[in-house]
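Enquirer: Just dropping this structure here.
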Amino acid sequence: MDEALWFTLFTLARMGAQLKTLEISSTTLGKKMNVSQQTASRRLQQLEEKGWLSREITRKGQFVRLTDQGMNILLEIYLWLQTIFDKKPSALIIEGELFSGMREGGYYISEEGYKHQFKEKLGFEPYPGTLNLKLKSRSDLQAKKTLQSYPGIIIKPFENKGRTFGSVKCFKTLINDKEEGAVLLIQRTHYGEDVLEVISPEYLREKMKLKDGEKIRLKIFLTHPEEKES
């Protein structure tokens, strides 16, 4: 991320643009950030182009407000700062509602480029399919955002027959306090931010007699196997 744009977002948020539409000139913003009026104007334009800021220029002045996307950028920075200054928890608890996905998980997981890395780094060869969970509550959605700020176990990207497969971040997981598995944060996915995909060495729908609509509890471990918990 461009640090200059992040600092501009931060400055606007401190001035109240995350709560209300703020009237501000490029000159005033420049003075706040100790940059020229031209630089401040250019940064506002860049923020607008990225969708992090809504901006309207009228005869009465310039009016700006941070968008949800812009607030998410600030939240991402906040979560990273938490990992620096706060004691890291050893695990997160997330609950989601089981649903049938697009049935593409089995295809991707069975790719040799992924499969051998899962076995090497997670310690098991996954069943060819994913357990898909829809996150409903605000706390669970927030927990997923927090999860994204941790390093995780990285499955590297690779190519096969001219097709590129993206990287995957993994976290070892205990499913309903019984079965081992891993949460996948996939670089390229058709799902939105309210979905978590889980893999396991076994076909859990059959073993645990799970059905769509059931609540699934995940205990997600944040430390690597080689890390010591602080």
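Enquirer: Would you confirm, using the coordinates I've provided, whether residue 4 is within 27 Å of residue 149 (Cα to Cα) and part of a helix (DSSP H, G or I)?
Expert: yes
Enquirer: Okay, next question. Please state which of the following conditions residue 63 fails to meet, knowing it meets all the rest: (1) touching an Asp or Glu at 6+ places or on another chain (Cβ under 6 Å); (2) aromatic (Phe, Trp, Tyr); (3) loosely packed, with under 15 Cβ neighbours inside 10 Å.
Expert: The single condition residue 63 does not satisfy is (3).
Enquirer: Now for a separate question. Please work out which one of (1) in contact with a helix residue (DSSP H, G or I) (Cβ under 7 Å, 6 or more places away or on another chain); (2) of a type outside the set (A, V, I, L, M, F, W, C); (3) at positive phi is the condition residue 34 fails and give its number.
Expert: (1)
Enquirer: With a cut-off of at least 2 residues that are closer than 20 Å to residue 73 by Cα, name the strands (runs of 3 or more DSSP E) lying wholly within segment 116-200. Lay out the reasoning, then the answer.
Expert: Working: elements: 131-134, 153-155, 158-160, 163-165, 168-175, 179-186, 195-199.
Correct list: 179-186.
Enquirer: Which count do you get for residues in segment 119-145 that are of a type outside the set (Gly, Ala, Ser) and buried (at least 19 other Cβ atoms within 10 Å of the Cβ)? Can you show your working first?
Expert: Of the residues in segment 119-145, the ones of a type outside the set (Gly, Ala, Ser) are 119-122, 124-128, 130-136, 138, 140-142, 144-145.
Imposing the further condition that a residue be buried (at least 19 other Cβ atoms within 10 Å of the Cβ) reduces the set to 122, 126-127, 130-133, 135, 140, 144.
Selection size over segment 119-145: 10.
Enquirer: Let me ask something additional. Let me confirm something: among 211, 134, which residue is under 14 Å from residue 97 (Cα atoms), under 18 Å from the mean Cα position of the chain (by Cα) and either of a type in the set (A, V, I, L, M, F, W, C) or not assigned by TED's automatic domain parsing to the domain that holds residue 80 (or both)? So that I can check it myself, show each step before the final result.
Expert: Numbers: 211 fails: under 18 Å from the mean Cα position of the chain (by Cα).
The conditions single out 134.
Enquirer: Determine which single condition residue 20 fails, assuming it passes every other condition in (1) exposed (fewer than 13 other Cβ atoms within 10 Å of the Cβ); (2) free of Cβ contacts under 8 Å to residues at least 12 places away in the same chain; (3) under 20 Å from residue 74 (Cα atoms).
Expert: Evaluating residue 20 over (1) exposed (fewer than 13 other Cβ atoms within 10 Å of the Cβ); (2) free of Cβ contacts under 8 Å to residues at least 12 places away in the same chain; (3) under 20 Å from residue 74 (Cα atoms) leaves (2) as the failure.
The values are calculated or read from the model by the stated rules, or taken from the named source; none is laboratory data. Treat the numbers as computed from the prediction; the structure is a model and nothing was measured. So basically every Cβ, Gly included, is an ideal-geometry build from the backbone, and we count neighbours across all protein chains shown.
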